[in-house]
Ligand code: AMP
């Protein structure tokens, strides 16, 4: 069948994001979100082209939200769905790529729940509900961690006693794999290389932020680790701090683990540094008006990003280019300029005019002559999930 349809699902504890994707199309046929599930305020919002609608979900459980999606799909689809692609956060070491979901795969997702206690159980909930409602088609799991399973041990091991790794799985896993994979594939196409070829640094800068180094389609290292807290400064997450900070706060302030987790995940990052906001748009405006906290937050964000990228570059034999993506990477000319300014050591030189005049939502090159490519590429994780789901269906079974 041509131009097959895939329903992409990203299920959280109280929400289901979805997109109905058609093979070969860059935009979804329909997309939206069921929110506040399991409460009386449960609702389903969607848009399809010019049409959009919000309606209450009478019985706001995951299963009835899926049933409402089925009705919606029947309205917009001219053929049956070929697959449902599910975003799953943590695949641990078990999953190195997309997997057709069966009972064994569901058990393995459950077994990885200690590594992502908020996300994996919610993802599984969505899978169970979707398999009931869309019972006759294959369901595929796509893991945020899988792309980084190509990292060598010298990149993924912490300098901790071996048993913590071998018995308890304490190692660096990395996240945002779907996004880093998508934008590096696009970067190859934009620069005339074969799909997946090239030596890239990738910066996914949204509310969560991570950097990644990719050589010929394989992640060699990334800034996030055992959890998505490691690495870069993010909206409300601290990124790297001295690991002894925990003990210091416990000793000097009497804080317990939940309080420290709250601090590092919800009160830090751009929000903590600026004392104002986790939102880069607001910080840029406040910085322009002379707010010293906003100024500091943006400076630290860009310096730490550049430091991470320069560190990751040691994994490459050469550098074909640097990619900016995510809400901040795609939209903030200021963040791109300040970051590249710190990266002269890699030969990166920005074309200031191209940087500021790039239209929103459009991919483009913003480097000066003689520099490795500097690319702005809108990420599209749903498209990547849909394409990987179909590729798995097409793969010969062994
Ligand atoms: P995401 O999680 O990918 O949706 O990205 C969210 C982040 O992107 C927030 O910090 C937003 O402030 C930031 N963002 C979105 N649009 C802009 C913009 N035009 N300029 C600067 N930052 C932006």
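The figures follow:
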item	result
Residue with peak Gaussian network fluctuation, the chain [Cα springs, cutoff 10 Å], from 377, 73, 369	369
Overall form of segment 47-141 per C-alpha gyration tensor (a/c, 1.5; a/b vs b/c)	prolate
Where Rh is the Kirkwood radius over Cα pairs, Rg/Rh for segment 181-340	1.02
Sequence of 212, 11 once ranked by neighbouring C-beta atoms within 10 Å, starting from the fewest	11, 212
C-alpha long axis of helix 120-133 to longest principal axis of the chain, angle in °	30
Cα gyration tensor of segment 268-330 - equivalent ellipsoid semi-axes, whole Å, descending	27, 12, 9
Relative contact order %, the chain, counting alpha carbon pairs below 8 Å whose residues are six or more apart	14
Mean Cβ neighbour count within 10 Å, used as a protection proxy, ranking 239-245, 217-223, 107-113 highest first	217-223, 107-113, 239-245
Stretch gain in nm, segment residue 63-residue 345, where the contour uses 0.36 nm per residue and the Cα spacing is subtracted	96.2 nm
DSSP-defined beta bridges in the chain - what % are antiparallel, rounded to 5	70
Scattering curve values for the chain, log₁₀ I(q)/I(0), Debye with Cα scatterers, q = 0.10, 0.14 Å⁻¹	-0.70, -1.37
Whether segment 121-230 is rounded, prolate or oblate, judged on the alpha carbon gyration tensor where a/c under 1.5 counts as rounded	oblate
Highest-fluctuation residue, 387, 230, 353 considered, GNM on the chain with Cα pairs under 10 Å	353
Modelled FRET efficiency - R0 30 Å, residue 53 with residue 135, Cβ distances, 0.05 increments	0.70
Relative contact order [Cα under 8 Å, 6+ residues apart], segment 96-207, whole percent	23
Overall form of segment 198-240 per C-alpha gyration tensor (a/c, 1.5; a/b vs b/c)	prolate
Proxy reagent accessibility, fewest Cβ within 10 Å first, across 256, 380, 144	256, 380, 144
Extension gain, residue 253 back to residue 162 (0.36 nm per residue minus Cα-Cα distance, nm)	29.6 nm
Two-site label geometry, residue 391 and residue 246: point separation in nm, points 7 Å out along Cα→Cβ	3.6
Choice from 159, 203, 19 with maximal GNM fluctuation in the chain (Cα, 10 Å cutoff)	159
Helix 381-394 vs. the chain, principal-axis angle (Cα, 0 to 90°, nearest 10)	50
Theoretical gain in end-to-end length, residue 29 to residue 300 [0.36 nm per residue, Cα-Cα removed]	93.6 nm
Degrees, to the nearest 10: 62-76 long Cα axis against longest axis of the chain	80
Relative contact order [Cα under 8 Å, 6+ residues apart], segment 13-64, whole percent	28
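Every number here is computed from the coordinates shown, using simple stated rules; none is lab data. Owing to the predicted nature of the structure, the values given are computational and were not obtained by experimental measurement. Please note: Cβ atoms are built from the backbone with ideal geometry, for glycine as well, and neighbour counts cover all protein chains shown.
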